[in-house]
1. Check whether at least one residue in region 94-108 is in contact with a helix residue (DSSP H, G or I) (Cβ under 7 Å, 6 or more places away or on another chain) and not in a helix (DSSP H, G or I), and report yes or no.
2. Taking Leu139 as the residue in question, decide whether it is surrounded by fewer than 14 Cβ atoms within 10 Å (Cβ to Cβ) and either touching a residue at least 40 places away in the same chain (Cβ under 8 Å) or within 24 Å of Glu167 (Cβ to Cβ) (or both).
3. Test Leu80 against the criterion of being of a type outside the set (Ser, Thr, Tyr), over 30 Å from Val201 (Cβ atoms) and in contact (Cβ under 8 Å) with a residue 24 or more places away in the chain, and give yes or no.
4. Sort out which residues of region 141-194 are modelled with pLDDT under 90, of a type in the set (Lys, Arg), assigned to a helix (DSSP H, G or I) and over 25 Å from Leu75 (Cβ atoms), and write them in order of number.
5. Of Glu59, Glu103, Glu127, which residue is over 9 Å from the mean Cα position of the chain (by Cα), buried (at least 18 other Cβ atoms within 10 Å of the Cβ) and under 22 Å from Ile171 (Cβ atoms)?
Amino acid sequence: MNNYQELASKLIHLSERLQKHSGKLDGVSLGRRASKLDEELERFEAELNAFIASRKSGELRLEMVLRSPTARKWLTIDILHQVAREVGAKRIRSETLPEAKAEFLESVHEAKEGEGAAKHLRACLAEAIEVRSGGKDKLALQREFIQLGRLSHEEYALQIFKRTFGELRKIAGATGIRFTDKTTKQRLVTIIRRYALRAAVNAPPVT
């Protein structure tokens, strides 16, 4: 059923007719139909209540995060992809942000993960702000970047394997490495390695 407004109108019309003629109604067949309808209405009301409760507890909060000033400034399709993966929702395929947000909400609703999606989205937005702004630990990240450049190929591969995608984005952001929302983790690993090697050569020796 796609048009719930139409269903509501039918129920209102049926209710008015039933109320008007209730004193005259009789018959086994009609009574049987009425009993089945009453059972179905109880089930439907339970489903409706569950949906409304879900919207209030999770999806409504998620929509509030999506409409927040922080999201308007920092939200990207890449972040929506990341959150969808975290909560097990369907992959977002839209290529524009407004369409992606609508698809994201529908996907999260189907997965019944409104609460989890709101939590992950807030965390991703906070991380995006820190990555883009450099954060208070910018100097520490720059030092870590140089240290990565001093590692052998095998040591680098071992160390970089332990880093999350978010941590790599922080390092890149703190050291001026340009990347976009479409830059993959593997691509970022390669770029960081290239520039870290150069930075290590030019950096003063550790004393």
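1. yes
2. Values: surrounded by fewer than 14 Cβ atoms within 10 Å (Cβ to Cβ): yes; either touching a residue at least 40 places away in the same chain (Cβ under 8 Å) or within 24 Å of Glu167 (Cβ to Cβ) (or both): yes.
So Leu139 fits the description; yes.
3. Values: of a type outside the set (Ser, Thr, Tyr): yes; over 30 Å from Val201 (Cβ atoms): yes; in contact (Cβ under 8 Å) with a residue 24 or more places away in the chain: yes.
When the stated conditions are applied, Leu80 passes them.
4. Within region 141-194, Arg143 is the sole residue that qualifies.
5. Details: Glu59 fails: under 22 Å from Ile171 (Cβ atoms); Glu103 fails: under 22 Å from Ile171 (Cβ atoms).
Step by step, each of Glu59, Glu103, Glu127 is checked, and only Glu127 is over 9 Å from the mean Cα position of the chain (by Cα), buried (at least 18 other Cβ atoms within 10 Å of the Cβ) and under 22 Å from Ile171 (Cβ atoms).
This table checks each residue for (1) part of a helix (DSSP H, G or I); (2) of a type outside the set (Lys, Arg); (3) farther than 18 Å from Arg122 by Cα.
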position	(1), (2), (3)
Lys10	yes, no, yes
Glu63	yes, yes, no
His81	yes, yes, no
Ala89	no, yes, no
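The values are calculated or read from the model by the stated rules, or taken from the named source; none is laboratory data. Small disclaimer: the values here were computed from a predicted structure and weren't measured. With ideal geometry, Cβ positions are generated from the backbone for all residues, glycine too; neighbour counts draw on all protein chains shown.
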